[in-house]
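Comments concern the structure below.
The values are calculated or read from the model by the stated rules, or taken from the named source; none is laboratory data. Quantities reported herein were computed from a predicted structural model and do not represent experimental measurements. Note that each Cβ is placed from the backbone with ideal geometry, even for glycine, and that neighbours are counted across all protein chains shown.
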Ligand code: SF4
Ligand code: SF4
């Protein structure tokens, strides 16, 4: 009796293994689920969150930021430093310094949402690497934009 | 009772058979920085002492020093696998405190996103649990499907793991028809793929030997230790916050709460697998009945909460999360308390591991589905 049960177990086990193996073998002939980075890369969705970046005013090419500092005040990690002054003859202030400490940033997007003039947006930069930490602790977001100062 | 954390053996007492074993803090089976000091007799465990706190980040204190919106990204980082449930709990708590309205469309989208997140969490658990038991194929299978959920969620939330999508009064952005169709397509394909999961594992004899009657939790203990989620339901107690204290319009959907009477690892496994199917059902209903309209109601830009206190319970993939906020008025909460499910769920591990084989203890730990940063928070 005992032996009969044992053999039954073995046969049952063998069949359950075969079922499992069938699933595994089925995958041999499917398309790979991975992409071979860096030769190819996966598509980025529109709402992808890279580090934040400053948008330029279409007309002037200067940063849109009016240095109201609400982004800096609302950032949970206090990683934005922004100062501004009035360019000569202008009515509004403009940022002359906008630094992001990306090592602290949690990419929450509160700064992007709070900005009254829509000056901030997420970039699509994800392949970030550097030899020095300073490249990220003080990222100058105004670097690539024009400046009236 | 204060049990010593360090093993009490002295060198002369340590024999060939009796020894202390450190499981973790960096053991793949503990799924995070959890350390368990195991007092062993050969292969058997005499006593297990979990040592917590390696990932303690003072989440409650951080929330008390932040304004309500500022705390949002922090809350989601407690449970990195079920971030949207945490996100949801925080916004629900503040909405209740400040009496903000939430449009119905926003509620439906919240449910869809949270349930997708629940499935992805259960899938990762499925893979990791079987990896603990020594099977590698399931892990890859689960990750393939999970990846597709992450893609879908990334499209609306912008992130793949630590989502921060819900806002007070609704959502920051609407979803479009194409996204909803994509979710439906995923559900259809995933339904086709689910039988594979069962072929691969559920019917497997080796899996049964490893999980059946291992780590049995009696209903009495399950309730006494304050367990929740699939672990509680795996012990035969029918409790699900979504059903019994519905929030976000869960009462509008028709779904079952899977319960298993066995209380062993297999029981918990079955509950989670059935839960995946129920989540699919909920998403389908939510999409088919999604109302048109705005996704965010009018809320002030500067949120000042009135004086008072609120508690909100949410069913996360791991169990019941309660967020309790005391407000003295003003921009910041006075006191925040998180009652996290994994912390309570881990508390029973010491009792269950006693007298078990080491390999079984790992199976038990795997079946509890721990997220250690959530335990430590
Ligand atoms: S994304 Fe969040 S953490 Fe990063 S700078 Fe903006 S507000 Fe600060
Ligand atoms: S919120 Fe916008 S306008 Fe104000 S300082 Fe920040 S980037 Fe500039």
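Would you check if residue B:192 is without any contact (Cβ under 8 Å) to a residue 60 or more places away in the chain, within 13 Å of chain A (Cβ to nearest Cβ) and more than 24 Å from the chain's Cα centre (by Cα)?
Against the criterion (without any contact (Cβ under 8 Å) to a residue 60 or more places away in the chain, within 13 Å of chain A (Cβ to nearest Cβ) and more than 24 Å from the chain's Cα centre (by Cα)), residue B:192 qualifies.
For residue A:82, are the conditions met, namely being at pLDDT 85 or above, surrounded by 14 or more Cβ atoms within 10 Å (Cβ to Cβ), away from chain B (no Cβ under 14 Å) and within 11 Å of ligand 2 (Cβ to nearest atom)? Reasoning before the result, please.
Working: at pLDDT 85 or above: yes; surrounded by 14 or more Cβ atoms within 10 Å (Cβ to Cβ): yes; away from chain B (no Cβ under 14 Å): yes; within 11 Å of ligand 2 (Cβ to nearest atom): yes.
Taking the combined requirement at face value, the residue satisfies it.
Here are some residues: B:236, B:229. Which one is more than 13 Å from chain A (Cβ to nearest Cβ) and in contact (Cβ under 8 Å) with a residue 60 or more places away in the chain? It would help to see each step written out before you state the result.
On the way: B:236 fails: in contact (Cβ under 8 Å) with a residue 60 or more places away in the chain.
None of the others qualify; the one that does is B:229.
Based on this model, can you work out whether residue A:130 counts as more than 8 Å from ligand 1 (Cβ to nearest atom), touching a strand residue (DSSP E or B) at 6+ places or on another chain (Cβ under 6 Å) and at pLDDT 85 or above?
Taking the combined requirement at face value, the residue does not satisfy it.
For the structure I just gave you, tell me whether residue B:53 is at pLDDT below 85, surrounded by fewer than 24 Cβ atoms within 10 Å (Cβ to Cβ), closer than 30 Å to residue B:334 by Cα and away from chain A (no Cβ under 14 Å).
Values: at pLDDT below 85: yes; surrounded by fewer than 24 Cβ atoms within 10 Å (Cβ to Cβ): yes; closer than 30 Å to residue B:334 by Cα: yes; away from chain A (no Cβ under 14 Å): yes.
Yes, satisfied.
Looking at the range A:40-47, can you tell me whether even one residue there is within 8 Å of chain B (Cβ to nearest Cβ), closer than 30 Å to residue B:65 by Cβ and either away from ligand 2 (no atom under 16 Å from the Cβ) or in contact with a helix residue (DSSP H, G or I) (Cβ under 9 Å, 6 or more places away or on another chain) (or both)?
yes
Which of the residues that make up the range B:296-313 are at pLDDT below 85, within 14 Å of chain A (Cβ to nearest Cβ) and outside any loop (DSSP other than H, G, I, E, B)?
If the condition is that a residue be at pLDDT below 85, within 14 Å of chain A (Cβ to nearest Cβ) and outside any loop (DSSP other than H, G, I, E, B), then no residue fits.
Take the residues in the range A:55-72 that are assigned to a helix (DSSP H, G or I) and touching a strand residue (DSSP E or B) at 6+ places or on another chain (Cβ under 9 Å), then tell me which one is nearest to ligand 2 (Cβ to nearest atom).
Once the filter is applied, the top-ranked residue is A:71.
Is it the case that the range A:61-76 has a residue that's away from ligand 1 (no atom under 16 Å from the Cβ), exposed (fewer than 13 other Cβ atoms within 10 Å of the Cβ), over 30 Å from residue B:205 (Cβ atoms) and within 28 Å of the chain's Cα centre (by Cα)?
yes
Looking at (1) within 14 Å of another protein chain (Cβ to nearest Cβ); (2) within 12 Å of ligand 1 (Cβ to nearest atom); (3) more than 14 Å from the chain's Cα centre (by Cα), which is the only condition residue A:116 fails?
Among (1) within 14 Å of another protein chain (Cβ to nearest Cβ); (2) within 12 Å of ligand 1 (Cβ to nearest atom); (3) more than 14 Å from the chain's Cα centre (by Cα), residue A:116 violates only (2).
Just one of the numbered conditions (1) within 14 Å of chain A (Cβ to nearest Cβ); (2) in contact with a strand residue (DSSP E or B) (Cβ under 8 Å, 6 or more places away or on another chain) is not true of residue B:150; which one?
Residue B:150 satisfies every listed condition except (2).
Could you check the range A:6-54 and list, in sequence order, the residues that are in a loop (DSSP other than H, G, I, E, B) and either in contact with a strand residue (DSSP E or B) (Cβ under 7 Å, 6 or more places away or on another chain) or surrounded by 15 or more Cβ atoms within 10 Å (Cβ to Cβ) (or both)? Reasoning before the result, please.
From the range A:6-54, those in a loop (DSSP other than H, G, I, E, B) are A:30-51; that's our starting set.
Answer for the range A:6-54, where residues must be in a loop (DSSP other than H, G, I, E, B) and either in contact with a strand residue (DSSP E or B) (Cβ under 7 Å, 6 or more places away or on another chain) or surrounded by 15 or more Cβ atoms within 10 Å (Cβ to Cβ) (or both): A:45, A:47, A:48, A:49, A:50, A:51.
Are there any helices (runs of 4 or more DSSP H) wholly within the range B:225-288 with 2 or more residues that are surrounded by fewer than 21 Cβ atoms within 10 Å (Cβ to Cβ), and if so which?
Counting at least 2 such residues, we get B:241-244, B:265-288.
Give me the helices (runs of 4 or more DSSP H) completely within the range B:51-121, filtered to those with at least 3 residues that are more than 15 Å from residue B:374 (Cβ to Cβ), ordered by residue number.
Values: elements: B:59-64, B:68-75, B:83-98.
Those helices (runs of 4 or more DSSP H) span B:68-75, B:83-98.
A quick yes/no check of all residues on (1) in contact with a strand residue (DSSP E or B) (Cβ under 7 Å, 6 or more places away or on another chain); (2) farther than 23 Å from residue B:243 by Cα:
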| position | (1), (2) |
| --- | --- |
| B:292 | no, yes |
| B:297 | yes, yes |
| B:301 | no, yes |
| B:311 | yes, no |
| B:314 | yes, no |
| B:319 | no, no |
| B:323 | yes, no |
| B:329 | yes, yes |
| B:349 | yes, yes |
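Determine, yes or no, whether residue B:252 is under 25 Å from residue B:88 (Cβ atoms), more than 14 Å from every other protein chain (Cβ to nearest Cβ), over 22 Å from the mean Cα position of the chain (by Cα) and modelled with pLDDT of 85 or more.
Yes, satisfied.
Hey, among B:70, B:59, which residue is within 14 Å of another protein chain (Cβ to nearest Cβ), buried (at least 18 other Cβ atoms within 10 Å of the Cβ) and within 29 Å of residue B:129 (Cα to Cα)?
Working: B:70 fails: within 29 Å of residue B:129 (Cα to Cα).
When all the criteria are applied, what remains is B:59.
So which residues in the range A:94-113 are within 11 Å of another protein chain (Cβ to nearest Cβ) and more than 8 Å from ligand 1 (Cβ to nearest atom), if there are any at all?
Once the filter is applied, which keeps residues that are within 11 Å of another protein chain (Cβ to nearest Cβ) and more than 8 Å from ligand 1 (Cβ to nearest atom), the range A:94-113 yields only A:113.
Name the strands (runs of 3 or more DSSP E) wholly inside the range A:73-144 in which the number of residues that are within 30 Å of residue A:39 (Cβ to Cβ) is 1 or more.
In the range A:73-144, A:120-122 are the strands (runs of 3 or more DSSP E) which contain 1 or more residues that are within 30 Å of residue A:39 (Cβ to Cβ).
Answer with yes or no whether residue B:158 is surrounded by fewer than 24 Cβ atoms within 10 Å (Cβ to Cβ), within 9 Å of chain A (Cβ to nearest Cβ) and within 29 Å of residue A:105 (Cβ to Cβ).
Yes: the conditions hold for residue B:158.
Looking at B:293, B:329 in this structure, which one is loosely packed, with under 14 Cβ neighbours inside 10 Å, more than 16 Å from the chain's Cα centre (by Cα) and outside any loop (DSSP other than H, G, I, E, B)?
Matching residue, one of B:293, B:329: B:329.
Residues of the range B:1-34 being at pLDDT 70 or above and either more than 34 Å from the chain's Cα centre (by Cα) or farther than 30 Å from residue B:124 by Cα (or both), which ones?
Hits for the range B:1-34 are B:18, B:19, B:20.
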